[in-house]
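In what follows, a single structure is set out as structure tokens and then discussed.
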Amino acid sequence: MKCKVCFRNCDLDEGQIGFCKGRINENGLIKARNYGKISSAALDPIEKKPLVDFYPGSMILSVGSYGCSLRCPFCQNHEISQVDLDASCEEVTPHQLASKAQELVEYGNIGVAFTYNEPMVGYEFIRDTAKLVHEKGLKTVVVTSGHASVETLEEILPYVDAFNIDLKGFTPESYQYVGGDLEMTKSFIKRAAQDAHVEVTTLVVPGKNDSIEEMEAMASWLATISPGIVLHLSRYFPRYHESMPPTPLETLKTLQQTAQKHLHRVVLGNV
């Protein structure tokens, strides 16, 4: 059985787990083995997702599971995204999570954000929970690398209000570095922006995706979707397997000026 969620198209035998660690061939069906399994949860400011043009000043119940389709050498959440935590997660139902979100409204909560690991690995749980969240008049946010097919995206899109999508760079080389697929991410961004609020984040890594030419191409492409898309340029720091020094602030400022030729709002992060 082939898993059709991301570009890897893992061909899984019965009982075999996919590259992402979050999907499995079980009884002849590809399923999310991390369905309803929560490794981390917090009531975060919406700006931490990061979203700056979506209910600014509000809070959102943020949950993560485990698993990821990428292998970014600098991953900030590698303890949950790159590790099989199946036996150590807390299990919750969509109803329980939606009810918890509602309980937290008095603390400024506007809904649920699926984040921390790659949530599209377990898109079924997003879909089932987001339907209930909407019924309660609350919002759903997905923070993702955009490594899912458009067909998979369509499963959740009617119920998701906002996305922050990582655009790791804008060259094949940038995506080889993280083990991803640029064209799949572009298709995901383009489709999501048609029906939901979308902001884009690029972690700027020295020598990997920090050229003016690459930023020029990225920003001009985003502007063809909408010049109103917010682009977050985030500063890299040594994490996980990557040990090179942090991104110079001057690099971020230069790339911000480049992107601002095409986009109305370019925000610096981790500075």
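How about region 77-122: which of its residues are in a loop (DSSP other than H, G, I, E, B) and within 13 Å of the chain's Cα centre (by Cα)?
Within region 77-122, ASN77, THR115, TYR116, ASN117, GLU118 meet the criteria.
Tell me, yes or no, whether region 206-215 has at least one residue that is assigned to a helix (DSSP H, G or I), touching a Leu at 6+ places or on another chain (Cβ under 9 Å), at negative phi and aliphatic (A, V, I, L, M).
Looking for residues that are assigned to a helix (DSSP H, G or I), touching a Leu at 6+ places or on another chain (Cβ under 9 Å), at negative phi and aliphatic (A, V, I, L, M), one finds at least one in region 206-215, hence yes.
Rundown of residues vs (1) surrounded by 22 or more Cβ atoms within 10 Å (Cβ to Cβ); (2) not basic (Lys, Arg), yes/no style:
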site	(1), (2)
VAL105	no, yes
VAL121	yes, yes
LYS139	yes, no
HIS147	yes, yes
PRO158	no, yes
PRO172	no, yes
TYR177	no, yes
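Among the residues of region 189-210, are any basic (Lys, Arg), surrounded by fewer than 21 Cβ atoms within 10 Å (Cβ to Cβ) and either out of contact with any Lys or Arg (no Cβ under 9 Å at 6 or more places or on another chain) or under 20 Å from PHE114 (Cα atoms) (or both)?
So far as region 189-210 goes, yes, one or more of its residues are basic (Lys, Arg), surrounded by fewer than 21 Cβ atoms within 10 Å (Cβ to Cβ) and either out of contact with any Lys or Arg (no Cβ under 9 Å at 6 or more places or on another chain) or under 20 Å from PHE114 (Cα atoms) (or both).
For residues in region 47-69 being of a type outside the set (Ser, Thr, Tyr) and more than 19 Å from LEU233 (Cβ to Cβ), which is surrounded by the fewest Cβ atoms within 10 Å (Cβ to Cβ)?
The qualifying residue surrounded by the fewest Cβ atoms within 10 Å (Cβ to Cβ) is GLY57.
Which numbered condition in (1) under 18 Å from PHE125 (Cα atoms); (2) of a type in the set (Ser, Thr, Tyr); (3) in contact (Cβ under 8 Å) with a residue 40 or more places away in the chain is the only one that SER99 fails?
Here SER99 clears every test but (3).
Go through region 247-271 and report how many residues are part of a loop (DSSP other than H, G, I, E, B) and either in contact with a Pro (Cβ under 7 Å, 6 or more places away or on another chain) or among the β-branched types (Val, Ile, Thr) (or both). Write out each step before concluding.
Keep residues of region 247-271 that are part of a loop (DSSP other than H, G, I, E, B), which gives 247-248, 260-265, 270-271.
Of the ones still in play, those that are also either in contact with a Pro (Cβ under 7 Å, 6 or more places away or on another chain) or among the β-branched types (Val, Ile, Thr) (or both) are 247, 262-264, 271.
Total satisfying the criteria: 5.
Is it the case that ASP11 is charged (D, E, K, R), surrounded by fewer than 20 Cβ atoms within 10 Å (Cβ to Cβ) and modelled with pLDDT under 95?
no
The values are calculated or read from the model by the stated rules, or taken from the named source; none is laboratory data. Bear in mind the structure is a predicted one, so any value in this text is a computation, not a measurement. Every residue, glycine as well, gets a Cβ built from its backbone with ideal geometry; the counts of neighbours run over all protein chains shown.
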